[in-house]
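Asks: I'd like to ask you about the structure that follows.
The values are calculated or read from the model by the stated rules, or taken from the named source; none is laboratory data. Please read all numbers here as calculations on a predicted model, not as lab measurements. Reconstructed Cβ throughout: ideal geometry from the backbone, glycine too, with neighbour counts over all protein chains shown.
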């Protein structure tokens, strides 16, 4: 029931995902009358869907603390509960990010060794794709949080993207050692000093994100969120300028006709919907956050992210890697007191 | 002598600016042998240029404090000194940003009512251009700094862009009141409560920057720098994808031929060089920071920014407006203790 156009977008998105992932079943949590109506003409989706009725939903502007207190019958709560109880292998929501994170933390708990979960996403770069985290779960982060994000991000890059020894960078306002907040400097000290299953590149800047300088970009949730949304806005701006350029003369219009097919592919490459589905990492369970304003195509992609995480056995891998890292993590308090 | 390819880029940039601004004269500060050699074949530039010899330069990785202590014969120091002493109406440098800001603060001093200067720039949006500040002068900002940035940014928008009552937004990770750092919330409280010569829109998000939601985007220097560089990187990524799209088929190649002229204009519209020249605002004097890696075209644009600021009598206008605001600013400490 979350997002700007729920439950329509959710059901339509599930219908697209149904086609892509023939073995996936859906547990839709929301108003059964509305859901049944939406499913009426989607026979194949209906046959793979169970409805769990509730009329309550977390509103978009609810504070996470309020949602935790009063939202125990909400679709969001029940969906996460289903994951906790093993009735679902993952939850996908387009609702209130803060509430989703708070409920997921409470019910799914963080993985051993992780103080705070983060929101991670793949983003396109000049050299492929990179993982960026945190994208907004933690407005303020200490050095240990950043180090843990680095470890989780690197495990992602290893298991999903298959990089044997991913490179990790800390997002900063310059690459020199003296730059940035104190917490960043301490985190860089820990990452330089410890033995991690990745190569620590050092500080990276905003343009390194899409530049693909590193496989994993680590940042606090405030800067990460602003970077992500700025990138989306910039892509939209360039797209608008491009449309204007193609309308600016007869010759340009003709050029558009010839290039149309290639430009359509380009649009898909930079479309935020193609990258929809931010992963909550560091939890005992799979939770994926869809953009609140996405459409069915975007929501289907978010479902795809959850499916990939479930099929890839992600959280088990993260747990295994974290367990192996224990001796390294024991170093942290020492290094942090630099 | 600052920037990646000084002094060549500086002299070539001055030569382009000479053509654009027939009344501007140049004071080049650096190695006179190298400068004289570069000026040899530029007769018209030479006739409007004075060379002030020094062989010292602030290195790119120097700490601002070290530059202040040991850089008193550097080209950067001497250039700012020339502004302070009225020998130049503005300084343009592609050198070490931190050192330039530190020296400018020390020699030019901040305007009355301003605690910390900020770095501001125009950036293209869906609706024209917006002013964004701070872009990196202050990694950490308190609420009063942010309020002062809002005032300075709004005066910019009024005097340069001619908006009678510009709209101002505070960059945050969500538009709801509860979002973000404590300092942001306090700043929002002050901006909502006081009478300012602008309309306070509230919080804006990363995609609002290029969306043109407000005329002035206010942020701390950490987030601002990351947003700016992320936007640059994203524009570069989309440009690269576009080039690949036009090479992807024969038809697309043909389309490129027809649209080439329009696309060239587009390139200029999103080219960071076109927006090169970040303004230091809040100082008793004009200082413009060029991107360190820019070329002559970009450097000429940075010179243009300084010329516009000087011709527009900017700092006087800011001073006037700040003086008028005194009764409002007296409210701040009260509001800040919310």
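Asks: Do we have any residue at all in segment A:84-96 that's in a helix (DSSP H, G or I) and at pLDDT 95 or above?
Replies: Yes, there is a match, as at least one residue in segment A:84-96 is in a helix (DSSP H, G or I) and at pLDDT 95 or above.
Asks: Moving to a separate point now. Among the numbered conditions (1) touching a helix residue (DSSP H, G or I) at 6+ places or on another chain (Cβ under 6 Å); (2) modelled with pLDDT of 90 or more; (3) crowded, with 21+ Cβ neighbours inside 10 Å, tell me where residue A:270 comes up short.
Replies: So residue A:270 meets the others, but not (2).
Asks: Same structure again: Is it true that residue A:193 is closer than 27 Å to residue A:291 by Cα, more than 18 Å from the chain's Cα centre (by Cα), away from every other protein chain (no Cβ under 12 Å) and surrounded by fewer than 21 Cβ atoms within 10 Å (Cβ to Cβ)?
Replies: Answer is no for this residue.
Asks: Next question, about the same structure. Just give me the residues in segment B:79-99 being out of contact with any helix residue (DSSP H, G or I) (no Cβ under 8 Å at 6 or more places or on another chain) and either crowded, with 24+ Cβ neighbours inside 10 Å or under 24 Å from residue B:146 (Cβ atoms) (or both), in sequence order.
Replies: Across segment B:79-99, the qualifying residues are B:79, B:97.
Asks: Could you tell me whether segment B:111-130 includes any residue that is touching a strand residue (DSSP E or B) at 6+ places or on another chain (Cβ under 9 Å), free of Cβ contacts under 8 Å to residues at least 60 places away in the same chain and either assigned by TED's automatic domain parsing to the domain that holds residue B:17 or under 24 Å from residue B:15 (Cβ atoms) (or both)?
Replies: No, there is no match, as no residue in segment B:111-130 is touching a strand residue (DSSP E or B) at 6+ places or on another chain (Cβ under 9 Å), free of Cβ contacts under 8 Å to residues at least 60 places away in the same chain and either assigned by TED's automatic domain parsing to the domain that holds residue B:17 or under 24 Å from residue B:15 (Cβ atoms) (or both).
Asks: If you don't mind, another one. Those residues that are over 13 Å from the mean Cα position of the chain (by Cα), outside any helix (DSSP H, G or I) and surrounded by fewer than 21 Cβ atoms within 10 Å (Cβ to Cβ), I need them from segment B:286-298; list them, please.
Replies: Matches in segment B:286-298: B:293, B:295.
Asks: Do we have residue B:210 as touching a residue at least 24 places away in the same chain (Cβ under 8 Å), under 18 Å from the mean Cα position of the chain (by Cα) and surrounded by 24 or more Cβ atoms within 10 Å (Cβ to Cβ) here?
Replies: Here the answer is yes, as residue B:210 does meet what is asked.
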